[in-house]
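The values are calculated or read from the model by the stated rules, or taken from the named source; none is laboratory data. Source: prediction; values computed, not measured. Don't worry about glycine lacking a Cβ; one is built from the backbone with ideal geometry, like all the others, and counts go over all protein chains shown. Calculation scope for accessible area: heavy atoms of the full protein, side chains included, ligands and nucleic acids excluded. Shrake-Rupley method; radii C 1.70, N 1.55, O 1.52, S 1.80 Å.
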Amino acid sequence: MSGADMAKPLLGHGSMEGDPSVTPAAGRTIGVLGSGDFARSLAIRLVCSGFKVVVGSRNPKRKAGLFPSAAEVTFQAEAVKKTDIIFVAVFREHYSTLCHLADVLVGKILVDVSNNTEINHHKESNAEYLASLFPACTVVKGFNVVSAWMLQSGARDGNKQVLICSNNQEAKRTVAEIAQVMGFTPVDMGCMSSACEIENIPLRLLPAWKIPIFLALGLFLCFFTYNLIRQVIHPYVREQKNKLYKIPIEVVNTTLPCVAYVMLSLVYLPGVLAACLQLYYGTKYRRFPDWLDQWLQHRKQIGLLSFFCAALHAVYSFCLPMRRSHRYQLIEAAVKQAVEKKMNIWVEEEVWRMEIYLSVGIIALGLLSLLAITSLPSIANSLNWREFSFVQSTLGFVALVISTLHTLTYGWSRAFDENQYKFYLPPTYTLTLLVPCTVILAKVIFSLPCIQHRLLRIRRGWEKGRYVKFVLPSATGEYSSGETSSNV
């Protein structure tokens, strides 16, 4: 395969940045039909990028003050006559109001920037509907995934990609050229049939976050219920003590680290499962199950939710001494000590346990913060692959190990204290150790030279049971062919 073929996108949706056919075109006249917020932001960005802008409005005198002074605001028919490229910045339901311009729009390029209010609200996309109204025009779908705020900020923040599709390749190149001059990265999404997909993109609410969020909520509810039984219901049933005041702070604060810890381990568990499958099948070319594929693709979101829960746990922990109930308990303990005439209640073991527990927890939170920061596109793009892999893989695993030490120092020897088993239920932290310890143990096993070497060979293309041809000279000096297994 040639280098040019390898440079092509796998899905056919390629960035047009750097395309030699896309040449700068600043200075040409661009038309904008509409006078809303997006039209105004679009005009500002075009003017700042060096284009001449003509805005078509039904009430040019009233709307002129909203646009930059460098832009010409006139009637729609006049604006259309002065340019061959027109951005249609009006809603779909107002397309029919442009029908009186059909004669002057013949042969012009119309850029549809509209969006719907619901996903697949209409049978056909807005761009296809616009093309049906003006068959003599060339319609290009684009700029609908870009917000008005991003247009005014000049693409310095947020996603710089502009998705473009059309049945006319030359028109797509022209619009891509304009987008590139404006500071955006044009992405060719193919023919007009892709317009519906492009219009649905801004309407999707965190599509990659749904599964991780539901996972985090499910874990939170499970651990919250478990802690509620142990910390609130058990004292009430056994001792008739009202501990409901613990629910807003203590129970939540006990639940958050459990969720954060398990979620962090779930970031690295699919990698362990993938390695096990590769070792079992002896090849890297066999597809993983769909559920494992989805799991691998959601690791970033799961890790960020883990950091979010850990950060909340840190804030809740700082707030613990501020509670009125905590102050009452301190006073009660002091009075009890005075009555019993105890001069010293210092417990060396408990002091060291808490010191180590807090120190290790701070280090773990710092590493999680580093993982979260390097997940941001602006930071990740500044790192090469080895640096990014080191932070996300090596330091991420170190964070999991340190989080495990944080959990173990919290539990200390209390796992062997029968008083800690409420309703015969083990302490919560012992449950959270199951998955992380499994991941750590698997990582240690995979680091053994015999297994590590085999896994490395598989990931470099070696396959179990594959036969390779070889040629050996015979006794007569002639060459004969044969086969041998790659296992040898």
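Just one of the listed residues (K336, K341) is modelled with pLDDT under 95 and outside any helix (DSSP H, G or I), namely K341. When I119, I85, I109 are checked against the criterion of being in contact (Cβ under 8 Å) with a residue 60 or more places away in the chain and surrounded by fewer than 18 Cβ atoms within 10 Å (Cβ to Cβ), I119 stands alone in meeting it. Could you go through the stretch 161-169 and let me know if any residue there is touching a Phe, Trp or Tyr at 6+ places or on another chain (Cβ under 8 Å), at pLDDT below 95 and not acidic (D, E). So far as the stretch 161-169 goes, yes, one or more of its residues are touching a Phe, Trp or Tyr at 6+ places or on another chain (Cβ under 8 Å), at pLDDT below 95 and not acidic (D, E).
If only residues of the stretch 55-82 that are of a type in the set (V, I, T) and open to solvent by 10 Å² or more (accessible area, probe 1.4 Å) are counted, the one that is nearest to L133 (Cα to Cα) is T74. Checked against the criterion of being of a type in the set (A, V, I, L, M), surrounded by 21 or more Cβ atoms within 10 Å (Cβ to Cβ) and over 38 Å from the mean Cα position of the chain (by Cα), the stretch 24-36 has no qualifying residue. Report whether or not A136 is open to solvent by less than 70 Å² (accessible area, probe 1.4 Å), free of Cβ contacts under 8 Å to residues at least 60 places away in the same chain and not β-branched (V, I, T). Against the criterion (open to solvent by less than 70 Å² (accessible area, probe 1.4 Å), free of Cβ contacts under 8 Å to residues at least 60 places away in the same chain and not β-branched (V, I, T)), A136 qualifies. The sole residue among I229, I201 that is out of contact with any helix residue (DSSP H, G or I) (no Cβ under 6 Å at 6 or more places or on another chain) and modelled with pLDDT of 95 or more is I229.
The number of residues in the stretch 170-202 that are within 15 Å of E118 (Cα to Cα) and either part of a strand (DSSP E or B) or open to solvent by less than 50 Å² (accessible area, probe 1.4 Å) (or both) comes to 5.
Out of A399, A333, A364, A310, one residue alone is more than 17 Å from the chain's Cα centre (by Cα), assigned by the TED database to the domain that holds L215 and farther than 18 Å from S265 by Cβ. It is A333.
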